Amino acid sequence: MKGRCPRPLDDGDSGVPRVSVERGWAKLEQRYEKTPINKSATIIYVSKILECIQSTINEAAINLLNGGLVAFPTETVYGLGADALNKNAISRIYAVKDRPKDHPLIVHVSSISHIDRWSRDVPDYATKLAENLWPGPMTLILPRTDIAKDFITGGQDFVGLRVPDQKFALLLLSEFEKQGGMGVAAPSANRFGKVSPTTAQDVFEELNQYLGNEDLILDGEKCQVGLESTIVDCRLQRPKILRPGVITKSMIEYITGLETISDELNEQIRTSGLLKSHYAPIAEVFLTDNPDEGDGFIALIDIETPKGAIRLASPRDSVEYAQVLYQALRLADRRKIKKIFIIPPSGDEIAVAIQDRLIKAAKK
Ligand code: TXA
Ligand code: MG
C-alpha cells in the first residue's frame, strides 16, 4: 500500500481533511519502515516449533486445502485461517473460538484482482478504496457472489473481504490460491470477546488447548499495526465505518470524495466488533487515572506513572499505542494483575480506534 495513496498536490481546496490524511499516512509508513521484517518465520505445531521457509509456507497452504486450520500473522493481528469454501473447516473455527455462529468471517485474498470471485456490483467508491489501500489494514463489506456461502457471511447477502499487507500472509494466500484455493476465512485468532493476538506466542497460549494435531500456528513476526482492520460497509451510496482502525475516516473520505455515513443512518448489521463488550483481558479495565498499589497502568510516555502502579506500556504516540496495547493487556494477565487503569490517547483519528477498543474492553 505504501506510496499509492493519492497525496495532496496543494493545499488549495478547503473542506478536504488533507492534513490529517497526509499525517496519518506518514506516521503509518514510518512505522512500517522502522520495524524490520524478519527473514524467516516459524511454524508451531501444537507441541513443537519448526523453522519456517518457503517449504513450510507450502505445507501451511496444503494444510488449509486439506481442511486444517492455520493461524497466521497479518499486519493488524494474527488470524485463525481456514479454507473459505470448506464448511467443516469453518465450523471448526467457530468451535475453536467459541464464537456465535451468526457472526460472519472476513475472507482474505492475495490480490485485488480476486475481488470479483467473492463480490459483485462493487460500487465505484469501494473500488477506489481497494485500489488505494490494499494490501492494507482495511476490510470492505460488499455484495456477495454465490461462492460466499451463508456459513461465511452469517446468512447475510454481503461478504467481508481483505488483502492483508504482511509478507507471510501474502505468501501463504498466494500459495493457497496457486494450489486451487479461492480465499482464506480468518477471524482474529482469539477466543470470542477476548484480546486479539499480535504474536504467535499469544495465539499458542490462547488457542493451543482447542486446536487439533492437524492445525498449525505460523510464527511470522509481531503485528506492525496491532489493531484490527478498519471495516468499511459498502452496501449503501456512501461508505460507513463499522469498526474504526488505522485507515481513518479522513483517508476514506479523501480517497472516495464522499462523506462517510454517520451511525444513526446505519441499519443493523452483524459485526461482533460492534458488540458493547469485546477485546477484553481477564483483568478489569478502567479508563481512569487512579490506580492503587499493584494495579496496572497504561498511558502515553509523557504521562507519569501514579505511585505504586505497574507501568505496562509507555507509547510515544497513537500509532505506537495501537501497536503495543494488546501486548500490554496480555502482559497484565500474564502477571496476574487484577485491574488495569488506562488513559487512552486523544487528538487524532487513530486515537478514535484505540478509544473504541478500550471502551469495549472496559465494559465487561
Ligand atoms: O484485522 C482484521 O480484520 C483481522 C485480521 C485477521 O484480518 N480479522 C478480524 O476478524 O478482526 P474478526 O472476525 O475478529 O472481526 C471481523 C469483524 C467481525 O466483527 C465480523 O462480524 C465482521 O468483521 N464481518 C465480517 N464479515 C462481515 C459481513 N459480511 N458483514 C458484516 N460484518 C462482517
Ligand atoms: Mg476478533
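Computed from the coordinates by the stated procedures, all read-outs in this text should not be read as laboratory data. Owing to the predicted nature of the structure, the values given are computational and were not obtained by experimental measurement.
For the stretch 43-166, what does the alpha-carbon gyration tensor say about shape, rounded, prolate or oblate, given a ≥ b ≥ c as the root eigenvalues, a/c under 1.5 as rounded, and a/b over b/c as prolate? The shape class here is oblate. From the alpha carbon centroid of the stretch 206-245 to that of the stretch 80-107 is 13 Å.
Residue pairs exceeding 18 angstrom between C-alpha atoms, taken from Lys97/Lys178; Lys194/Lys339; Lys338/Lys363; Lys97/Lys338; Lys97/Lys194: Lys97/Lys178; Lys97/Lys338.
Residue pairs exceeding 21 angstrom between C-alpha atoms, taken from Lys167/Lys222; Lys128/Lys240; Lys307/Lys336: none.
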